[in-house]
Each structure stands twice: as C-alpha cells, then as structure tokens.
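Undergrad: This is the structure I want to talk about, given as structure tokens.
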Amino acid sequence: MVVKVDNTESIPATDEVISEEMDMKKKKYLRGEAANLKDLKDKKLQGQLAVQEELFGKSAAAAAKAEKWLMPSEGGYLEGDGIEKTWRIKQDAIASEVDILSSRKQFDIVLPDFGPYTLEFTPSGRYMAAAGRKGHIAIVDMKNMSAIKELQVRETVRDVVFLHNELFFAAAQKKYPYIYNREGTELHCMKEHGAVLKLQFLRNHFLLASINKFGQLHYQDVTTGQMVANVRTGLGRTDVMQVNPFNGVIAVGHSGGTVSMWKPTSAAPLVKMLCHPGPVTALAFHPNGHLMATAGMERKIKIWDLRKFEVLQTLTGHCKSLDFSQKGLLATGTGSFVQVYGDLSGSQNYSRYMTHSVAKGYQVKKVTFRPYEDVLGIGHSMGWSSILIPGSGEPNFDSWVANPFETSKQRREKEIRSLLDKLPPETIMLDPTKIGSVRPERKKEKPSKEDREAEMEAAIEEAKNIHMKKKTKGRSKPSKIAKKKQEAVEKAKKPFLEQHANKKRKPTEETQLPKSLERFVRKKVAA
C-alpha cells in the first residue's frame with residue numbers, strides 16, 4: 001500500500017518550462033477568451049473594454065503566480081502496489097503510514113443512548129454540529145478536538161444545519177425548527193415551517209429552506225425574518241433534499257422516483273425528472289453543480305449530467321446517504337457499510353476507491369466529507385466516527401472564501417462583507433450565467449404568400465378526401481355527396497379568405513356607428 005502524493009522531483013527548470021507552466025495556470029483563472037474589440041465602432045467603449053481586459057489578464061497572472069509559489073500543499077491519493085486493490089486497504093494500515101496530526105483525525109465517539117446522529121460541517125471544516133435523534137446536540141471544534149457546547153432539547157431532532165457562520169445553527173425538532181446560538185441559547189422558533197424533516201441553508205442568499213412532513217417547501221430570509229416562499233410540492237412526504245452549490249436550486253427526491261427542482265420565485269418545479277422506478281433514498285450534488293447522484297430502493301445509484309439531464313453511469317448498491325467531496329469522490333452509506341467511489345481518471349467513470357465497515361450492528365445515518373481535509377464523517381446509530389480518505393479534500397484553502405484559522409475580527413468582517421454581497425432570491429435559476437446578459441429580440445416570422453397558398457391548398461385537399469358515411473333513404477346520392485364535399489371545401493377556405501380580407505380592409509373614419517354611440521364620436525373642428 002502506498003499513499004501517493006503528486007510531487008515531482010525538483011529539476012533545474014529553464015525559463016521556457018516555467019513560462020509554459022505559468023501559461024497553463026493562467027488559463028485556469030482567465031474568464032474565457034478575450035472579447036474581440038476590433039468590431040466596435042465606439043472608440044471610447046473600445047478603450048474602456050481594452051483596459052478591463054488588461055486588468056483581467058493581470059489578475060489571472062497574479063493568481064497563477066500565487067498558486068505556483070504560495071500553495072505548498074498538493075493533493076494525494078491511494079495507489080496499490082502491483083495488483084493490490086485500494087478498496088482492500090484498511091484504516092489501520094492508513095493510520096500507521098500518515099503523520100501524527102492526520103492519525104488524530106481518525107476516531108470513534110460512542111454515544112449509544114442518543115443516536116442515530118446526523119452531522120454538519122462549516123464551509124471551512126473547522127466546526128462540526130452533531131445532532132442525535134433523541135435530543136442531543138453538540139458543537140465541536142475539530143481543530144482542538146474539544147466540545148464547544150452540548151445541549152439536550154428533550155425532544156426529537158431530525159436535522160441540524162449551520163447558518164452563515166458557526167455562531168448560529170438551526171435544528172429541526174419534533175414540532176418546529178429552532179435557531180440557537182453557539183452558547184446553546186434558543187433565539188427563534190419558526191412555527192410557520194411546521195414539523196420539518198430536512199433543512200438546507202443557501203449561503204449566498206441567506207435563505208433557510210425546509211421541507212415538512214406535508215411536502216411543503218419553505219424559504220425564509222434569516223436576515224430579515226421574512227418568509228420568502230411557501231410552495232406545496234404536491235408529491236407527498238419526503239426527507240430527501242439537497243441544494244445545488246452552483247445555482248442555489250433545491251432538489252427534492254420523492255417516493256414516486258421523481259426528483260423535482262425548485263426556486264423560491266416559482267410555484268411550479270423548474271425540472272421534474274424520473275430518476276428511479278421506486279422511492280428516492282438519497283441525493284447529492286458535485287461541487288461544480290453539473291453532476292448529481294441519486295439512489296433508489298431498487299439498489300441502483302445513478303450519476304446524472306444536469307446539463308443534458310442524462311444518466312452518465314449506473315452503479316449497483318443500496319444506500320441511505322450520499323455525499324460528494326471537494327475533489328469529486330462519492331461516499332455512500334448503508335447499514336454498517338461505507339463505500340467511496342472515485343473518478344481518478346477524470347473521465348466521469350466512477351469505480352470503487354475505498355471501503356469501510358463500522359462496528360457490526362451500527363446503522364449508518366449520514367456520511368459527509370469534511371472540507372479541506374481528507375476526512376469522512378459518519379453519523380450512525382451509536383454515535384459518530386471519522387475516517388481518513390486520502391485525496392478527498394482540497395489541499396489549499398482560500399482565506400477569502402473559507403478560512404479554518406480565522407480570528408473573531410476576520411469573522412465579523414466576513415459577515416459584513418457577505419451581507420453586502422447577499423443575492424436576491426430572483427437570482428436563483430438553472431443557468432446563473434444568464435444573469436446580466438441581454439435577452440435577444442425575437443422577430444415573428446410572417447408566412448409568405450406562397451406558404452399561405454400551400455397551406456390553403458393542403459386544407460382544401462384534406463376536405464376533398466373526407467370519407468362520407470353511407471346513409472339510407474336517398475341521403476347517399478352522388479349529388480348530395482358532391483354538395484357536402486363542396487361545403488367542406490368552402491368551410492376549409494373560409495379562415496384563409498377572412499384573414500386576407502382583414503388585411504385589405506383599412507379602418508376609415510366614416511364607419512357607421514349605432515345612433516346611441518354617435519354622440520361619443522369626436523367631432524372635427526372646423527377650420
């Protein structure tokens with residue numbers, strides 16, 4: 001067994017090699033190809049856009065330079081020796097090969113009286129919220145491995161989710177969802193949501209989304225407290241819900257095998273796709289937002305391309321929880337067994353990468369990857385566990401996006417900045433790249449004279465070929481049949497002739513009106 005890291009041996013690089021490497025990194029940060037400004041007639045606009053393109057190029061070059069010299073960590077992955085399979089490698093073997101700090105991230109917390117547990121990480125991966133079905137909620141600092149706060153709400157807790165930072169979290173309890181701060185103080189009881197089964201938080205829009213046991217989808221703005229939307233899905237009770245990180249669209253899996261996608265400004269689903277012949281048991285989105293994984297009761301896991309709404313791959317296996325890592329690994333959990341699938345070739349062809357069995361009899365409730373760490377969190381019926389999955393996390397973090405080491409001052413500044421950058425609910429759509437673009441003007445193409453004549457001839461021919469039923473008492477005489485066909489032809493020609501007559505007729509001021517309306521006609525002023 002080898003834990004391989006993509007480090008190449010240091011060789012004396014020439015200026016050409018460095019420049020080629022910098023060009024490749026620069027292309028990654030450029031926003032597409034530069035605009036063609038030669039066709040612009042407005043010289044002032046041409047100059048302004050040229051300056052803007054130059055700034056884009058400088059920004060991409062600075063980002064590429066920073067990536068080359070300021071990002072020391074590189075992603076690693078498991079590689080077998082010879083014919084050894086990576087999915088046969090156990091956690092004990094991995095823990096003996098990694099450093100001391102990484103081996104500490106592998107642990108089991110046994111709390112048999114309050115399970116099963118569901119887990120939630122902050123975007124930075126620093127903090128974790130664990131909620132037991134029987135009322136136990138804990139906030140844990142994963143860096144120091146210390147519990148910040150534990151509370152017992154003394155009623156059923158179905159789900160937990162962090163809000164915009166680790167200071168606030170929402171818990172879906174027996175009757176209503178509640179919002180708590182990090183000290184365990186209850187701040188809000190949101191009775192409008194009802195008995196919630198699943199919670200999701202849209203970070204860019206500051207919207208808390210929930211689905212209750214009646215299949216109602218609620219969106220609430222946590223900054224103003226306003227209920228943005230209340231939508232009836234009409235597809236029954238479900239606890240399978242996930243938000244697409246790319247566009248903010250909520251996907252809900254139903255018992256009929258369909259997955260519907262919603263936005264708060266629409267009462268009808270944006271997309272309604274049949275994914276499985278039976279109930280949908282789990283749902284997850286790839287970080288790029290273009291791939292979706294669904295699991296059904298027929299023991300099939302399907303990978304979907306959301307740009308074409310087609311199945312890319314079908315895997316065999318039953319699972320109750322799905323999650324994608326930052327690097328695209330897919331974790332599945334069912335019973336006391338966890339499997340991780342990897343797309344190591346980059347061809348969107350997932351194969352078995354790692355497996356793990358928790359203690360016999362433990363039932364896995366939730367699997368979720370920890371951001372910026374090669375760690376998978378497993379919530380099960382007897383507590384929660386943490387295992388090492390090499391290559392799952394992003395090796396370098398951006399402190400402007402998610403900083404695991406941020407101070408309280410940085411957290412306050414980030415909160416203000418994110419509030420200023422808050423997006424309205426109207427920006428949630430399937431293709432967010434359309435925002436800011438100009439809708440092309442659609443000109444109605446009028447049919448030409450030849451097209452109208454051809455359409456009328458086709459209608460006349462169809463009327464002539466009508467089959468007449470045979471009738472008794474002289475009603476099927478040839479003369480009667482000819483007369484009926486002639487009437488059918490006249491009826492077919494009538495709409496075309498009326499349309500032609502309406503075009504020729506021009507409105508005239510000398511239109512005769514009834515005497516009762518003549519007094520309302522504006523009279524001409526005598527010169």
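Undergrad: Could you compute the net charge surrounding Phe114? Neighbours are other residues with a C-beta less than 9 Å from the C-beta of Phe114; K and R count +1, D and E count -1.
TA: Taking every other residue near Phe114 into account, the sum is +1.
Undergrad: Please list 19-26, 133-140 highest first by mean number of surrounding beta-carbon atoms within 10 Å per residue.
TA: Per-residue mean Cβ counts within 10 Å order the peptides as 133-140, 19-26.
Undergrad: Could you point to the label whose value was computed as Rg and Dmax of the Cα atoms in Å for the structure here, given [x] 24.1, 90; [y] 32.4, 107; [z] 29.5, 101?
TA: Checked against the structure: label [y].
Undergrad: Provide the packing ranking of 86-92, 171-177, i.e. peptides ordered by the mean count of other C-beta atoms within 10 Å per residue, highest first.
TA: The most tightly packed comes first, giving 171-177, 86-92.
Undergrad: Under a Cβ-Cβ cut-off of 15 Å, what is the net charge of the residues other than Arg411 that fall near it, where Lys and Arg count +1 and Asp and Glu count -1?
TA: Once all neighbours under 15 Å are counted, the net charge is +3.
Undergrad: When the accessible area of the chain is split by element with a 1.4 Å probe, what percent falls to carbon and sulfur?
TA: 52
Undergrad: Quickly estimate the mean residue ellipticity at 222 nm for the chain, helices only: each DSSP H run with n ≥ 4 gives -39500 (n - 2.57), and the total goes over all residues, rounded to 500.
TA: Mean residue ellipticity, 222 nm, calculated: -7000 deg cm²/dmol.
Undergrad: Now, a different point. Checking the a/c ratio against 1.5 first, then a/b against b/c, what shape does the Cα gyration tensor give for the stretch 152-247?
TA: oblate
Undergrad: In the chain, which helices (entire DSSP H runs) extend 15 Å or more along their own long axis, judged by Cα positions, while averaging at least -0.5 on the Kyte-Doolittle scale?
TA: 43-70
Undergrad: Further question on the same structure: Let me make sure I get this right: for the stretch 53-171, a, b and c are the square roots of the gyration tensor eigenvalues over alpha carbons, sorted descending. Under 1.5 in a/c it's rounded, otherwise prolate if a/b > b/c, else oblate. Which is it?
TA: Because a/c hits 1.5 or more and a/b fails to exceed b/c, the stretch 53-171 counts as oblate.
Undergrad: Show the residues, 5+ positions off or on another chain, whose built amide H is closer than 5 Å to the amide H of Tyr353.
TA: When sequence neighbours closer than 5 places are left aside, the close amide H contacts are Val340, Tyr341, Gly342.
Undergrad: Considering only the other residues whose Cβ falls under 12 Å of the Cβ of Leu388, what net charge follows from Lys and Arg at +1 and Asp and Glu at -1?
TA: -1
The values are calculated or read from the model by the stated rules, or taken from the named source; none is laboratory data. Everything numeric here is computed off the predicted structure, so don't read it as measured data. Note that each Cβ is placed from the backbone with ideal geometry, even for glycine, and that neighbours are counted across all protein chains shown. All accessible areas refer to the heavy atoms of the entire protein, side chains included, with ligands and DNA or RNA removed. Shrake-Rupley method; radii C 1.70, N 1.55, O 1.52, S 1.80 Å.
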